[in-house]
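Undergrad: Take a look at the following structure, please.
The values are calculated or read from the model by the stated rules, or taken from the named source; none is laboratory data. No experiment lies behind these values; they were computed from the predicted model shown. Note that we place each Cβ from the backbone using ideal geometry, even for glycine, and neighbour counts take in every protein chain shown. These accessible areas exclude ligands, DNA and RNA; they are computed on the full protein's heavy atoms, side chains included. Shrake-Rupley method; radii C 1.70, N 1.55, O 1.52, S 1.80 Å.
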Amino acid sequence: MMRRTLLAFCMFGMLAAGSAVCGLAGCGRNRQDSPAPEFVLTYAENQPEDYPTTKGAYRFAELVYEKTGGKVEIQVSAAGVLGEEQSTIEQMRFGGIDFARVSLSSLSDFVPGMNVLQMPYLYTDTEHMWQVLEGEIGDRFLDSLDGFGLVALSWYDAGARNFYSAAKPIERLEDMKGMRVRVQESELMKAVVEALGASAVPMAYDEVYSALEKGSIDAAENNWPSYDSMRHYEVAPFYTVDEHTRVPEMQLVSEVTWKKLPEEYHEIIRQCARESAAYERRLWAERIQESEERVRSAGCQVVELSAEEKGRFREAMLPIYGEYCSDYMDIIEEILEAGKR
Ligand code: GCU
C-alpha cells in the first residue's frame with residue numbers, strides 16, 4: 001500500500017506539472033476565450049473513460065465550470081491514473097487530491113460506520129437501496145464524514161455484486177470452499193468471502209485481471225459493468241448471479257479543498273454533484289444491460305442461483321452482522337423495515 005501511495009504521489013506531481021503546461025487536459029473543451037479559473041482542482045476516478053461513473057464525473061466538472069462562470073475548473077483523471085482507491089482516499093484526507101468517486105468498501109476501513117450500508121443481502125433490490133440512500137438515512141450518512149478529512153457530496157450507483165470464477169462455475173455454496181477470491185481492501189469484504197468458506201485475497205482493482213490470468217486467485221466479485229469493462233470475463237468466464245452485496249458509491253471532496261473554496265461555491269458544487277449523480281444513475285441502468293449482453297455474447301456462462309441456494313448464501317453471511325454492525329442494529333432495522341414497504 002505504501003509503495004502504491006508513493007507511486008500515486010509521483011504520478012500526481014507529474015500530472016499537475018503536465019496540466020500546467022497543457023491547460024485543460026482531461027476536460028475536452030475549448031476554453032481559450034474563458035477567463036482564467038480561480039481554482040483548478042483534481043478529480044480521481046478509477047474506472048475507464050466510457051464507464052458511467054466517469055461520464056458522471058465529466059458531467060459534474062462541466063456543470064461546476066458553467067455554474068461558477070469558469071471560476072472552478074475540475075480536471076478529471078480516469079482509469080486510476082491518480083492511484084487506486086485506498087491511496088486516493090488517503091491523499092484526499094490531507095488535500096493531495098481534491099475530488100473523487102469511491103466505492104463505500106474502500107471508504108469503510110477509514111470510516112467504519114459506512115459498513116452498515118453495504119452489508120450482504122441488506123437491500124431487497126435496487127429500489128430499496130435508493131429509497132434508503134435518498135431518504136433520511138442516506139442524508140445522515142452523507143453528513144457522517146466529519147472528523148475524517150472528507151466531505152460527501154452525492155451517491156452514485158454501482159448495482160449488485162456477483163462472484164465470477166476462472167476454472168469452474170459456482171453453482172452452490174459448497175463450490176466456494178477453498179477458493180481464493182479477490183476482495184476489495186476492506187475488512188468487511190474479507191469477512192463476507194470467508195463466511196462462505198473461501199479464502200479472501202485483498203487486492204487493488206487494477207491487479208485483478210492479471211491475478212486471474214496467472215491463477216494466483218480463482219475468483220473475484222463485481223457488478224456486470226466492471227466485469228465487462230475490466231475484461232475480467234476473458235479470464236474468468238463463469239459468472240454467478242448471487243447478488244451478495246449492493247455497495248453504494250460516493251462523490252467526495254477533500255475537507256482541505258472544501259475549506260479553501262469560498263462558501264458561495266459550496267451549494268453550487270453540491271447541486272452539480274447531485275445532478276451528475278442522477279445522470280450517472282440513468283447511464284448505469286443502461287450499462288448493466290449492455291454489459292450483460294456483451295459478456296453473454298462473448299461466451300460467458302451465467303449461473304442464476306435458485307432462491308433456495310441464494311438463501312443458503314445469505315444464511316452463511318448472517319453472523320457478519322453481529323461482528324460489523326452491533327453498534328448500528330437500530331439503523332439496520334430501519335433499513336430492513338423500509339424494504340418491506
Ligand atoms: C467497483 C467500483 C470501483 C472499485 C471496484 C473494486 O468496480 O466501482 O470503485 O474499485 O468495484 O472491486 O475494487
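Undergrad: Could you say which residue among Tyr279, Tyr209 is open to solvent by 10 Å² or more (accessible area, probe 1.4 Å), in the same structural domain as Thr88 (by TED's automatic domain parsing) and of a type in the set (Phe, Trp, Tyr)?
TA: On the way: Tyr209 fails: in the same structural domain as Thr88 (by TED's automatic domain parsing).
So the residue among Tyr279, Tyr209 that is open to solvent by 10 Å² or more (accessible area, probe 1.4 Å), in the same structural domain as Thr88 (by TED's automatic domain parsing) and of a type in the set (Phe, Trp, Tyr) is Tyr279.
Undergrad: If you go through region 158-169, how many residues are outside any loop (DSSP other than H, G, I, E, B) and open to solvent by 10 Å² or more (accessible area, probe 1.4 Å)? Give the derivation first.
TA: Here is the first cut: in region 158-169, the residues outside any loop (DSSP other than H, G, I, E, B) are 160-165.
Narrowing further to those that are open to solvent by 10 Å² or more (accessible area, probe 1.4 Å): 160-161.
Residues that pass the stated criteria total 2.
Undergrad: When you scan region 242-258, how many residues do you find that are away from the ligand (no atom under 13 Å from the Cβ) and not in a strand (DSSP E or B)?
TA: 4
Undergrad: So Thr126 fits all but one of (1) open to solvent by less than 30 Å² (accessible area, probe 1.4 Å); (2) within 16 Å of the chain's Cα centre (by Cα); what number is the exception?
TA: So the condition that Thr126 fails would be (1).
Undergrad: Kindly provide the set of residues from region 216-227 that are small (Gly, Ala, Ser) and open to solvent by less than 30 Å² (accessible area, probe 1.4 Å), ordered by number.
TA: Ala219, Ala220, Ser226
Undergrad: Would it be correct to say that Val295 is touching an Asp or Glu at 6+ places or on another chain (Cβ under 9 Å) and outside any strand (DSSP E or B)?
TA: Criteria met by Val295.
Undergrad: Can you tell me which of (1) within 16 Å of the ligand (Cβ to nearest atom); (2) open to solvent by 10 Å² or more (accessible area, probe 1.4 Å); (3) farther than 16 Å from Arg274 by Cα is the one Trp155 doesn't meet?
TA: (3)
Undergrad: Return a yes/no flag: does region 259-273 have any residue that is out of contact with any Pro (no Cβ under 7 Å at 6 or more places or on another chain), within 16 Å of the ligand (Cβ to nearest atom) and assigned to a loop (DSSP other than H, G, I, E, B). Even if it seems obvious, please write down each step before you answer.
TA: Keep residues of region 259-273 that are out of contact with any Pro (no Cβ under 7 Å at 6 or more places or on another chain), which gives 259-273.
Those still in the list that are within 16 Å of the ligand (Cβ to nearest atom) too: none.
Checking region 259-273: not a single residue is out of contact with any Pro (no Cβ under 7 Å at 6 or more places or on another chain), within 16 Å of the ligand (Cβ to nearest atom) and assigned to a loop (DSSP other than H, G, I, E, B).
Undergrad: In addition: Pick from Tyr209, Tyr239, Tyr227, Tyr205: which is of a type in the set (Ser, Thr, Tyr) and farther than 24 Å from Met129 by Cβ?
TA: On the way: Tyr239 fails: farther than 24 Å from Met129 by Cβ; Tyr227 fails: farther than 24 Å from Met129 by Cβ; Tyr205 fails: farther than 24 Å from Met129 by Cβ.
Only one candidate passes the filter, namely Tyr209.
Undergrad: Still on this structure, please answer the following. Scan region 58-86 for residues that are surrounded by 19 or more Cβ atoms within 10 Å (Cβ to Cβ) and within 12 Å of the ligand (Cβ to nearest atom) and report the count.
TA: 6
Undergrad: Looking at region 179-241, what helices (runs of 4 or more DSSP H) fall wholly within it and have at least 1 residues that are away from the ligand (no atom under 14 Å from the Cβ)?
TA: Answer list for region 179-241: 187-195, 208-214.
Undergrad: Does Ser105 fit the bill of being within 17 Å of the chain's Cα centre (by Cα) and farther than 19 Å from Ala278 by Cβ?
TA: yes
Undergrad: Those residues that are closer than 25 Å to Ser144 by Cβ and surrounded by fewer than 19 Cβ atoms within 10 Å (Cβ to Cβ), I need them from region 228-256; list them, please.
TA: Scanning region 228-256 gives a single hit, Val256.
Undergrad: Only one of (1) more than 19 Å from the chain's Cα centre (by Cα); (2) touching a residue at least 12 places away in the same chain (Cβ under 8 Å) is not met by Glu136, so which one is it?
TA: (2)
Undergrad: Which one of these does Glu292 not meet: (1) surrounded by fewer than 14 Cβ atoms within 10 Å (Cβ to Cβ); (2) over 30 Å from Lys71 (Cα atoms); (3) among the charged types (D, E, K, R)?
TA: Failed condition: (1).
Undergrad: Considering only residues of region 129-152 that are acidic (Asp, Glu) and over 17 Å from Trp284 (Cβ atoms), which is surrounded by the most Cβ atoms within 10 Å (Cβ to Cβ)?
TA: Taking region 129-152 and keeping what is acidic (Asp, Glu), we get 134, 136, 139, 143, 146.
Checking which are over 17 Å from Trp284 (Cβ atoms) leaves us with 136, 139, 143, 146.
Details: Glu136: 9, Asp139: 12, Asp143: 10, Asp146: 9.
My answer is Asp139.
Undergrad: So, of the residues in region 87-122 that are open to solvent by less than 20 Å² (accessible area, probe 1.4 Å) and farther than 20 Å from Val253 by Cβ, which turns out to be nearest to the ligand (Cβ to nearest atom)?
TA: Gln118
Undergrad: Could you check region 195-254 and list, in sequence order, the residues that are within 16 Å of the chain's Cα centre (by Cα) and over 30 Å from Phe141 (Cβ atoms)?
TA: None - no residue of region 195-254 is within 16 Å of the chain's Cα centre (by Cα) and over 30 Å from Phe141 (Cβ atoms), so the list stays empty.
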